[in-house]
1. Just grab the label-to-label distance for residue 125 and residue 56, each label 7 Å out from Cα along the Cβ direction, in nm (one decimal).
2. With a 10 Å radius around each residue's Cβ, average the other Cβ atoms per peptide and rank 83-95, 121-133, 169-181, 99-111, highest first.
3. Would you give the gap between the C-alpha center of the stretch 144-165 and the C-alpha center of the stretch 82-127, rounded to a whole Å?
4. I need the phi-derived Karplus couplings for the stretch 145-162: 6.51 cos²θ - 1.76 cosθ + 1.60, θ = phi - 60°, integer Hz, Gly and Pro marked x.
5. Subtract the Cα-Cα distance of residue 97 and residue 84 from 0.36 nm times their separation in residues, and report this length gain in nm to one decimal.
6. Rounded to the nearest 0.05, what FRET efficiency is calculated for residue 154 and residue 72 with R0 set to 35 Å and r the Cβ-Cβ distance?
7. Determine, for each peptide in 154-163, 183-192, 134-143, the mean count of other beta carbons within 10 angstrom over its residues, then list the peptides with the highest first.
8. Which value, in debye to the nearest 20, gives the size of the charge dipole of the stretch 73-209 about its Cα centre, when Lys and Arg are +1 and Asp and Glu are -1 at the Cβ?
Amino acid sequence: MRFLRRNADEATPAAEETPAEVTPGDASRTPGKGRPTPKRREAEGKRRGPVPPPPRTQREALKRMRGNKVSKEERRAAAVERRKRMMAGEDKYLLPRDRGPVKAYIRDVVDSRRNLMGLFMPLAILVFVALLVPSPQVQQYATLVTTFMLLAMVVEGFVLGRYVAKRVRAKFPQDTSRGLSIGWYSFIRASQLRRLRVPKPRVGYGDKV
């Protein structure tokens, strides 16, 4: 029975092991970070993230302005500034359909010519007024004049489109725009009143482009 006593004696020291002594000062001491505390400006920059790119469209700019909760006066001033730059023809503020040197050249060619299509809107108003007149004879003459004017505008638009497309091909041989697209853009530009065209004409009638 001696080996049983021996095992009990050997097990006792293992069970009676005491934990390492802990000094009172160690519990209240916090380990160092190993790096300097960042400045407030650096911390705010990390929280905000990278600077967003500038807005590509007017709608995106309005959404961003609403998200930033700017005042009504600031939004109005920004809209006026964008409108001013768009009317001046700055490519950044134009609609996608009006951007690029090719479209600017088309506008200059159209604006330098006097076109019958510029009377399209006044003609539409004239037809509307003629329909209000209770005279069949006046309505008949108005309809006849309108029909001839519309036919002349269609022919002029076709000729203008081919003329502008030919000049675009000569000046921008690397451009891949379709002739139909150039002609339609020219027709839309020419059918608007000169004072209502956006952007504003940069050339006068008869100027060399």
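1. Going by the 7 Å Cα→Cβ label model, 3.9 nm.
2. Working: 83-95: 14.4, 121-133: 12.3, 169-181: 10.8, 99-111: 18.4.
Descending mean neighbour count gives 99-111, 83-95, 121-133, 169-181.
3. 18
4. These are the phi-based 3J(HN,Hα) values: 5, 4, 4, 5, 5, 5, 5, 5, 5, 5, 5, 4, x, 5, 5, 5, x, 5 Hz.
5. Working: separation 13, 0.36 × 13 = 4.68 nm, distance 1.81 nm.
Going from the current span to full extension adds 2.9 nm.
6. Values: r = 46 Å, r/R0 = 1.31.
Efficiency, rounded to the nearest 0.05: 0.15.
7. Per-residue mean Cβ counts within 10 Å order the peptides as 183-192, 154-163, 134-143.
8. Details: 26 positive and 11 negative charges, 99 e Å.
Taking the Cα centre of the stretch 73-209 as origin, the dipole is about 480 debye.
We did not get these values from a lab; they are worked out from the coordinates using the rules stated. Fair warning: this is a prediction, and the values are worked out from it, not measured in the lab. In this analysis, Cβ positions are derived from the backbone assuming ideal geometry, glycine residues included, and neighbour counts consider all displayed protein chains.
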